[in-house]
Amino acid sequence: SSSQAASPAGFLQCLTKANISVFEQGEDLFNTQLDKYIRNPKFLANTTGRPLYVVMPANAHHVQIAVRCGSLNRVPLRVRSGGHDYEGLSYRSVDNEGFAMLDMSELRTVVVDNQTSTAWVESGATLGELYYAISKASNLLGFPAGVCLTVGVGGHFSGGGFGTLMRKHGLAVDNVIDAELVDANGTLLNKTTMGGDVFWAIRGGGGGSFGVVLRWQVRLVTVPATVSVFKVSVSNSQGAAVHAVTKWQKVAPALPDELYIRALVQSDMAVFRAVFLGTCDALLPLVMSRSDGIAELNLSRSNCKEMSWIESVAYVNNATVEDLTKRTTSEFDSSHGFKATTDYVRRAIRREVWAKIFYKQLRQPNAQVILVPYGGKMSNVPEDATPYPHRAGVQYSMQLYNYWPVDSADSGAMGTKWVRDMYAFMAPYVRSGSEPRGAYFNCRDLDLGPDWGPKYFKGNYERLTKAKAEIDPHNYFRNEQSIPLPKRAS
Ligand code: FDA
């Protein structure tokens, strides 16, 4: 890129002239605005590269001007929508490069069109706000995206987006039909004017690499008036949880697409949470079938609850429907830092290995493994249809997770080490044939090292670098794990 020096003062002046709200380091409100959407509280500590400015656009035009001001003055912009980035790269720089943060939180309008079952959603909206707006328009429409309500649409859609409807309807990006993108020149583009490769790239190729996505048009999906949910905990006192998880991994990816059963595994128990697009009477025989169910869950009619889809969205978050539009996280989430990483499992892991995981690996404070079933629609989307490549053949995804109070004496060193050790432990069990070890971009992990590209995107990585060259040839939008320009053929 340019050899000329950056001019932060010029940037500030450029924004002020356009009446765009901006907070400067050292100013009173700077920390308030910055900290408001830091969703991994371990990054609240003032030890990493903070933005020089927090910029708060109030409309699309402001975003265009902010990008132009940044480009002209060579001040890079990082975009933050919901602030859930696992490594905080939307609001901090590890390599200490000076940058300004563009905070999208004021741009969060959701417009639902009942006639066409579509919606336009701005990137600063949270998933909770999106789901709530859909449910106000119709109780028979829903959208397949993530579980956590405060996740931002901007980052989430950029990297894929999975949740309880994924086995029936795929990822969020599988249901995006148009988008508006501001490129590094400040030009506002739509699906047609950005071109096919770029429209492909922004649907799963990761946020922060191609431009600022202002808003997305999505195809809504039909949900039944009644859905069913259950939560069953299996204690491991007699090894029952080892048994249930071993069974789950064979059964859950092959169940009907309407049924999603997630497992949260800790040393003393496994917790199974399900959402089913249908009634409890239809759900019970599926789960309790001796041949292809998980009778180990001992599910009974009294464990099963029927409700509307939007109530199920709240239920899996232990929240109420009215909570969906609250932009604050729980007391617990705002006081605990975390470290996590992901794997994709292609063949069932042996029972003896699960026993080792339960009795040895998980015997650490706050250590968890979260298992999400694939199959269904996930297997029917070709690997190159979107940049998200983890499709047919994946039985389930696995998240290795540890958390700690932000004020803990070791600042999370032990929890972080646990995730790294567990990742090393899992290596032999997640490899299958020539398949490289995969990872989920939206659970970004800087420990993946310099080969993160093919891990997140497999064979799609190279096409992403070409899309990058098309839309951002000077690499204006960048961070420690953004898509680079293609290597020049020598
Ligand atoms: P944030 O604002 O931090 O942005 C993430 C990245 O995208 C950054 O690189 C940023 O620059 C870029 N970006 C943001 N807005 C952009 C825009 N408008 N245009 C271009 N680039 C933009 N995932 C999942 O699939 N299913 C789930 O159920 C969950 N649940 C979950 C729970 C919790 C507690 C956390 C912390 C995270 C998840 N996630 C998840 C992961 C989540 O999808 C991922 O962290 C998203 O990137 C978060 O998007 P935000 O907008 O909130 O993040």
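The values are calculated or read from the model by the stated rules, or taken from the named source; none is laboratory data. Given the structure is predicted, the values throughout are model-derived calculations rather than measurements. Heads up, the Cβs are rebuilt from the backbone with ideal geometry, glycines too, and the neighbour counts pull from every protein chain shown. The protein model used for the area step is the full one, side chains on, heavy atoms only, and it has no ligands, DNA or RNA in it. Shrake-Rupley method; radii C 1.70, N 1.55, O 1.52, S 1.80 Å.
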Treating only Lys and Arg (+1) and Asp and Glu (-1) as charged, each at its beta carbon, one finds that the chain has a dipole about its Cα centre, in Debye to the nearest 20, of 1180 debye
Whole-Å distance linking the alpha carbon centroid of segment 316-343 with that of segment 241-293 is 24 Å
Counting only DSSP loop positions in segment 311-347, the GluC sites (Glu not before Pro) whose Cβ has at most 16 other Cβ atoms within 10 Å are Glu331
Cα gyration tensor of segment 8-103 diagonalised, 5x eigenvalues square-rooted, in angstrom largest first, produces semi-axes 21, 13, 12
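Just by accessible area at a 1.4 angstrom probe, what is the order of His243, His474 from largest to smallest?
Working: His243 80, His474 135 Å².
Result, largest first: His474, His243.
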Charge dipole of the chain built from unit charges on the beta carbon (Lys, Arg +1; Asp, Glu -1), centred at mean Cα; most positive-end Cα among Gly83, Ala385, Tyr344 is Tyr344
To the nearest 0.05, the calculated FRET efficiency linking Leu44 and Met307 through their beta-carbon distance, R0 being 30 Å, is 0.25
Per the beta carbon screen (other Cys under 4.7 Å), unpartnered cysteines of the chain come out as Cys148, Cys443
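Take the solvent-accessible surface of the protein heavy atoms, probe 1.4 Å, and return the percent of it on the chain that carbon and sulfur atoms account for.
Accessible surface attributable to carbon and sulfur in the chain totals 50 percent.
Under 8 Å for C-alpha pairs, at least 6 residues apart: give me the relative contact order for the chain, rounded to a whole percent. Please report the intermediate quantities before stating the final value.
Details: 1068 pairs, mean separation 78.1, N = 490.
In percent, rounded to a whole number, it is 16.
List the trypsin sites (Lys or Arg not before Pro) within segment 229-336 that DSSP assigns to loop and that have no more than 11 neighbouring Cβ atoms inside 10 Å.
Numbers: sites: Lys231, Lys247, Lys250, Arg262, Arg273, Arg290, Arg301, Lys305, Lys326, Arg327; in loops: Arg290, Lys326, Arg327.
Taking segment 229-336 and a limit of 11 other Cβ atoms within 10 Å, the loop trypsin sites (Lys or Arg not before Pro) found are Arg290.
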Magnitude of the Cβ-charge dipole (Lys and Arg +1, Asp and Glu -1) of segment 113-197 about the Cα centre, nearest 20 debye, reported as 380 debye
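In terms of the ratio Rg/(2.2 N^0.38 Å) built on C-alpha atoms, what value belongs to segment 204-330? Could you put the intermediate results ahead of the total?
Numbers: Rg = 17.4 Å, N = 127, 2.2 N^0.38 = 13.9 Å.
Rg over 2.2 N^0.38 Å, computed on Cα atoms: 1.25.
Nothing charged except the Cβ atoms of Lys and Arg (+1) and of Asp and Glu (-1): what's the magnitude of the dipole of segment 43-152 about its Cα centre? Round to the nearest 20 debye.
On the way: 8 positive and 9 negative charges, 38 e Å.
Computed about the Cα centre, the dipole is about 180 debye.
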Rounded to the angstrom and largest first, Cα extents along the principal axes for the chain equal 69, 52, 50
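What number comes out for accessible area per residue over the chain if the probe is 1.4 Å? Units Å², please.
Numbers: 19720 Å² over 490 residues.
About 40 Å² of surface per residue is accessible.
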